[in-house]
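The structure under discussion appears below in the form of structure tokens.
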Amino acid sequence: MGQEQYVCTVCGFNMIGYYPERCPFCGAPKKAFLSWEDCSARYKVRSTPVTEKVVRLNSVPALGLEHAAYRIKTGGKVYMIDCPSCFDKRVEPSAVISFTHHHFLGATDLRPPTSG
């Protein structure tokens, strides 16, 4: 977690490695970005059960355009489909993260995946 990272509060896009003048996803100005630390202090991730093995994850309050991520526990592993925009250490780490949007990685790089 040594690399700088910023989160756009307009759309939830995570910018890794530099502080942009404009969001490359929605075009919001630099002032719309928070450091990942400030974002994590301001936003949390809410887990909402969908089934016995599936939980929907959303930022609270809603972060930008917001998207839902899903955590699935099966076969002794934790999988995630997409990733919340804010980092919340209360969210259980995943062994595998699958993305439905190649340009929207959320806060995936802020915690290493579990082994297994």
Take the stretch 49-74 and flag every residue that is part of a loop (DSSP other than H, G, I, E, B), under 19 Å from P93 (Cβ atoms) and modelled with pLDDT of 90 or more.
-> K53
Any chance G116 is under 11 Å from the mean Cα position of the chain (by Cα) and at pLDDT below 90 = no
Condition test on G27, is it under 24 Å from V91 (Cβ atoms) and not charged (D, E, K, R)?
-> no
State all residues of the stretch 63-100 that are among the aliphatic types (A, V, I, L, M) and exposed (fewer than 13 other Cβ atoms within 10 Å of the Cβ); if no residue qualifies, say none.
-> none
Can we say G27 is part of a loop (DSSP other than H, G, I, E, B) and within 14 Å of the chain's Cα centre (by Cα)?
-> no
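The values are calculated or read from the model by the stated rules, or taken from the named source; none is laboratory data. Note that this is a predicted model, so its numbers are computed, not measured. Heads up, the Cβs are rebuilt from the backbone with ideal geometry, glycines too, and the neighbour counts pull from every protein chain shown.
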